[in-house]
Amino acid sequence: MKRIVFLIVVFVFLSMISSCRKGQSVIQDTTPPPEPQKAEVNRFENIDTSGAAVFQEANLADDLARQAAAALQTIYFEYNSYQLNTVAFDQLQVAASFLRSNEGLRVLVIGHCDERGSSEYNIGLGEKRAKSIKEYFQNIGIEPIRIETTSYGKEQPVESYCRDEECHSKNRRGEFRVLAR
């Protein structure tokens, strides 16, 4: 029985091949050849993203420097938090518009903390603050390679020797620096 089925399959296959050869026609392809693909240019392919990267602040033209200063405002955080608040979201929308308008620019986000707590803890908290800003940008479509992060913890306060919450609140921040092109 298997032999008969095998012979039928072979017969059908050979019939199909011979009918294809008899009825061969020449069809000319009228579709145009595909256009050559434009190579995508990666403006950031030579950027060092390793932990040993050295950041150099960009020397911007006056007009661009003014635009950057207006758009890249300091983001402030609540005590012991790295969560973005509604004011921060509004400021980051402005910053994102600026970055979209200036696609060649990269920024460094620096996380800062107030003077309370250990240096180690504050370095970690400052890093989380900077990364929360970077994640926000990534979530709205800014390329991650354009945003670097670092933390100074409590090492560079805006105001030192704080005794009240108003003073401390000025030190809990994320700052921007435009990096060299």
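The values are calculated or read from the model by the stated rules, or taken from the named source; none is laboratory data. Source: prediction; values computed, not measured. Reconstructed Cβ throughout: ideal geometry from the backbone, glycine too, with neighbour counts over all protein chains shown. All accessible areas refer to the heavy atoms of the entire protein, side chains included, with ligands and DNA or RNA removed. Shrake-Rupley method; radii C 1.70, N 1.55, O 1.52, S 1.80 Å.
Numbers below:
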read-out: Selection from the range 51-101 of residues that are at pLDDT 95 or above, surrounded by 15 or more Cβ atoms within 10 Å (Cβ to Cβ) and farther than 23 Å from LYS170 by Cβ; value: ALA96, PHE98, LEU99
read-out: TYR152 being at positive phi and of a type in the set (Phe, Trp, Tyr); value: no
read-out: Breaking point among (1) closer than 19 Å to ASP63 by Cβ; (2) of a type in the set (Asp, Glu); (3) not in a loop (DSSP other than H, G, I, E, B), for ASP90; value: (1)
read-out: Top-ranked residue of the range 126-157 - restricted to ones that are in contact (Cβ under 8 Å) with a residue 40 or more places away in the chain and open to solvent by 70 Å² or more (accessible area, probe 1.4 Å), ranked as farthest from ILE47 (Cα to Cα); value: GLN156
read-out: Every pair of residues 6+ apart whose Cβ atoms lie under 6 Å, when the first sits in the range 166-181 and is within 15 Å of GLN73 (Cα to Cα) while the second is at pLDDT 95 or above and assigned to a helix (DSSP H, G or I); value: GLY174/ARG129; GLY174/ALA130; GLY174/ILE133
read-out: Whichever residue in the range 102-122 is out of contact with any strand residue (DSSP E or B) (no Cβ under 8 Å at 6 or more places or on another chain) and open to solvent by less than 50 Å² (accessible area, probe 1.4 Å) and, among such residues, is nearest to ALA53 (Cα to Cα); value: GLY104
